[in-house]
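These notes concern the structure reproduced below.
The values are calculated or read from the model by the stated rules, or taken from the named source; none is laboratory data. Worth saying up front: this structure is predicted, and the values here are computed from it rather than measured. Here Cβ is always computed from backbone atoms with ideal geometry, including for glycine, and neighbour counts include all displayed protein chains. Only protein heavy atoms, including side chains, enter the accessible area calculation; ligands, DNA and RNA are left aside. Shrake-Rupley method; radii C 1.70, N 1.55, O 1.52, S 1.80 Å.
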Amino acid sequence: MTASGFLFFTFLNSPRADRTFGCQMNINDSQKMAGMLKSMGYEPTSDWQEADVILVNTCSVREKPDQKVLSALGEFKKVKNKNPDAVIGVCGCLAQRAGYEILQKAPFIDMVFGTTNIHHLPKLLEEAQAGNKAVEIIEEIDENETELDKYPTIRDNKYTAYVTIIRGCDKNCTYCIVPITRGKERSRRIGEIIQEVQYLVEDGVKEIHLIGQNVTAYGKDLGDVKFWELLYAVANVEGVERIRFTTGHPRDLTEDIIKAMADIPQVCEALHLPIQAGSDKILEAMDRGYTQKEYLEKIELLKKYMPDIALSTDIIVGFPGETYEDYLETVKVVKEVEYDQIFAFKYSPRPGTPAEKLPMTEDPKTLSKWLNDLINMQKDIAFKKNLAYEGKIVEVLVEEEKDGKLVGRTRTNKLVHFEGEHNLLGEIVNVEITKANRFSLEGKLAQVIA
Ligand code: SF4
């Protein structure tokens, strides 16, 4: 079969049909798989009717993404009926956790593989195209998994790129499925990461976004390497203009890392530091390994070294045993820290996690009210933070053109819309902020930074 089209798939009738479910790690895996397919001669297509390979990269962090995929299986059947030659493959965290269940529910699926053997895609595709079921869901970590990193990434954005630096997680937060679906921590060697960063800079990238479930644990399994050393090494690559990283763990966020953030000019003043809950009782039940006080001390340290740092966090509302008083501890932290953004969700029991069997202690309606109250309170905080940008001149990396305007991000990760010439794409410019909105800023070009 001559190589032709491939796409990543969610829903037939969704405007975001060719997208990936889940986190930055999944998006980067999809970008790498796209690079792999391209090197085999396939081209991306957005038309599932003409695609030869259709991949569904799944997430399993909460029940909802699971249900979304499982309920979409019927859609894939329609695809298979209309495009019987297409190979349909399911991968990602849900495939790693429940791949055989997916096959039972959807026997027409041709290929299922997990999160640790993505680099086997070429072999699995060949098997599926030969008419065999290509199923490979392995628990053990394949030492060759970093072969995946040798492939170029097919990215939506020309000027910014994710770079996976560590896979898996050794923490065991009692609600979290990641250690089950992604395995133990495996840091990539610094040399490999720097090689990928050099390749990306040659490919026009200005902003490197280092990613992992817990980047602040980078190097622990390599023995002698520290995350902050990696930050300096990436900053020393000529052409790297900005560095971001996601996700840190409060327990592993050391003063050395914070000092390096403040010292390295390319490191942007923005950090995602999940707290998950405010109450010490719940933090202990989650096995997060820090108290509210210890978390707030890290925030204070961050603000001491970088007073204008933009902070975001993850919050779970309604973990089993959480009372209204416990919830108010979360509210208290959100008010005190004044995050620029929070990602808050109701607790979702995950199969195989230590907390799975814990009885729920609040009814779903009450938890929805707590969650909505928290989100509404945060909307006001975020808007107040954005209003403080009005009249200020900020640095913006121009990433795209949209609706006749240029769009880019500040170092503090704020989205800015402003008028400017097409040739400013990929440039870092100064923009004077003229108007703050709830989720973005508007401005006018102040000056092009050479
Ligand atoms: S640190 Fe905790 S929440 Fe984050 S990926 Fe690891 S186990 Fe999950």
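Some observations on this one:
- Gyration tensor verdict on the range 202-246 (Cα atoms; rounded if a/c is under 1.5, prolate if a/b is larger than b/c, oblate otherwise): prolate
- Cα-based Rg / Dmax (Å) for the range 5-136: 13.0, 36
- Among 277, 130, 382, the largest mean-square fluctuation in a Gaussian network model of the chain (Cα springs under 10 Å) belongs to 130.
- At most 14 other Cβ within 10 Å, DSSP loop - chymotrypsin sites (Phe, Trp or Tyr not before Pro), the range 144-236: none
- Counting only protein heavy atoms and a probe of 1.4 Å, the accessible surface of the chain is 50% carbon and sulfur.
- Computed extension gain for residue 138 through residue 402, at 0.36 nm per residue and net of the alpha carbon distance, reaches 90.8 nm.
- The dipole here belongs to the chain: it is taken about the Cα centre, uses +1 on the Cβ of Lys and Arg and -1 on the Cβ of Asp and Glu, and is about 980 debye.
- Net dipole in debye of the range 393-448 [+1 Lys, Arg Cβ; -1 Asp, Glu Cβ; about Cα centre; nearest 20]: 320
- Extreme residue, positive dipole direction of the chain, given options 408, 174, 199 (C-beta unit charges): 174
- Absence of a disulfide-compatible partner, taken as no other cysteine beta carbon within less than 4.7 angstrom, is noted in the chain for 23, 59, 91, 93, 169, 268.
- GNM on the chain, alpha-carbon springs under 10 angstrom: the most fluctuating residue among 405, 32, 346 is 405.
- FRET E, pair residue 357, residue 254, Förster distance 41 Å, beta-carbon r, rounded to 0.05: 0.75
- What the chain shows is 44 Å² of accessible area per residue, with the surface traced by a 1.4 Å probe over protein heavy atoms.
- Sites residue 101 and residue 308 - FRET efficiency at Förster radius 41 Å, r taken between beta-carbons, to 0.05: 0.30
- Of 62, 350, 189, the residue with the largest accessible area leads and the full order is 189, 62, 350 (1.4 Å probe).
- Sum of -39500 (n - 2.57) over DSSP H runs of 4+, divided by residues of the chain (222 nm, nearest 500): -10500 deg cm²/dmol
- Under a model in which nothing but the beta-carbon of Lys, Arg (+1) and Asp, Glu (-1) is charged, the range 5-136 shows a dipole of about 400 debye around its Cα centre.
- Local electrostatic count, residue 239, Cβ distance below 15 Å [Lys/Arg +1, Asp/Glu -1]: -4
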